[in-house]
1. So in the range 55-74, with the set limited to residues that are polar (S, T, N, Q) and surrounded by 13 or more Cβ atoms within 10 Å (Cβ to Cβ), which one is nearest to Val94 (Cα to Cα)?
2. Restricting attention to the range 60-79, which residues are at pLDDT 95 or above, over 12 Å from the mean Cα position of the chain (by Cα) and farther than 21 Å from Ile119 by Cβ?
3. Name the single residue that is surrounded by the most Cβ atoms within 10 Å (Cβ to Cβ) among those in the range 161-191 being among the β-branched types (Val, Ile, Thr) and outside any loop (DSSP other than H, G, I, E, B).
4. Would the range 118-128 turn up any residue that is exposed (fewer than 15 other Cβ atoms within 10 Å of the Cβ), within 19 Å of the chain's Cα centre (by Cα) and modelled with pLDDT of 95 or more?
5. Check Trp114 against each of (1) closer than 20 Å to Gln191 by Cβ; (2) assigned to a helix (DSSP H, G or I); (3) not aliphatic (A, V, I, L, M) and name the one condition it does not meet.
6. Taking the criterion of being within 25 Å of Thr64 (Cβ to Cβ), of a type in the set (Phe, Trp, Tyr), under 20 Å from the mean Cα position of the chain (by Cα) and at pLDDT 50 or above, would at least one residue in the range 179-191 satisfy it?
7. List every residue pair whose Cβ atoms lie under 6 Å apart, where the two residues are 6 or more positions apart in sequence or sit on different chains, the first residue falls within the range 110-133 and is free of Cβ contacts under 8 Å to residues at least 12 places away in the same chain, and the second residue, located anywhere, is buried (at least 17 other Cβ atoms within 10 Å of the Cβ).
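The values are calculated or read from the model by the stated rules, or taken from the named source; none is laboratory data. As the structure is a prediction and not an experimental result, all values here were calculated from the model. All Cβ positions, even for glycine, are placed from backbone atoms using ideal geometry, and neighbour counts span all protein chains on display.
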Amino acid sequence: MMRFLYNPSAATATEHPTELPRKLSALRSIMSRDALVVGNVVGDVLDPFVKSASMKITYNKELTSGSELKPSMVATEPRVEIRGHTTRFLYTLVMVDPDAPSPSNPTKREYLHWLVTDIPETANATCGNEIVSYESPRPTAGIHRFVFVLFRQSVRQTIYAPGWRQNFSTRDFAAVYNLGDPVAAMFFNCQRENGCGGRRHELWFRNYERCISLGQHQQAAA
C-alpha cells in the first residue's frame, strides 16, 4: 500500500513561492489515488483494479474520494458524470455501504443503495436504467463508507434487481453479469448527524489537513 506522509517542517521560509502550491497539488493527487486503499474499500468491496474512466460525483459540490458528508447532504441522489475513451460504451453504477449496520459488526455488508445500468458516456446517471432506486444514507452507528463503483458494459443487457438490498456483493454481481473489473470507484464517509465514534481517521488525513493549513498560511503571508 502506498503511503505518503507530509512533514510540514520540511517547507522552509526560503522555499520558492510557487513550489508549495505544486507540492500541495501533487499531494492531493497522490491521496486521491490512494484513498480507496487507505479506506479499505479495496479489500472490503473491490479487488485492485486499473482506473480507465473518469467519474464525477456531485452532491451540491463535487465529491472528493474519502471526504466526509452529513446525511442531510446526501438525502437525494447525486449527479454522476462519466468520461472514458469513447462515447460508444454504456456503464453500470453500483452504490453500496460495506459498514451496515455498524462498522464494528457489518452483518449486512454490502447494503445496496443504488443500481443504475445502461448509462451513456458523457451523460448523467439519471439517463440510465435505474434498477434499484436511490436510498439515502442514514447510518445509525459509527462512520460508514458509501462506495460508488463504475463498470463498463460490453453490451446492453437485462440486469435484474436483487430480492433485497442487504448482503449484496459487488464482486459477485460483476461476475454474474460479466462486467469485468471496475473502471472507476469513489467513496465518502458518513455518520449520523451529531454522531461520534466509529472509524478513526488515518494519519494521512491529519497530514493532509496540516498541509493545507500550512499552504494557506504561507500564501496569506506572501
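1. Checked the range 55-74; the qualifying residue nearest to Val94 (Cα to Cα) is Ser65.
2. Result: Lys70, Pro71, Ser72, Met73, Ala75.
3. Once the filter is applied, the top-ranked residue is Thr170.
4. No, there is no match, as no residue in the range 118-128 is exposed (fewer than 15 other Cβ atoms within 10 Å of the Cβ), within 19 Å of the chain's Cα centre (by Cα) and modelled with pLDDT of 95 or more.
5. (2)
6. yes
7. none
Residues are listed down the side, and each one gets a yes or a no for (1) part of a loop (DSSP other than H, G, I, E, B); (2) at pLDDT below 90; (3) in contact with a Pro (Cβ under 8 Å, 6 or more places away or on another chain):
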position: Thr58; (1), (2), (3): no, no, yes
position: Glu81; (1), (2), (3): no, no, no
position: Val96; (1), (2), (3): no, no, no
position: Pro101; (1), (2), (3): yes, no, no
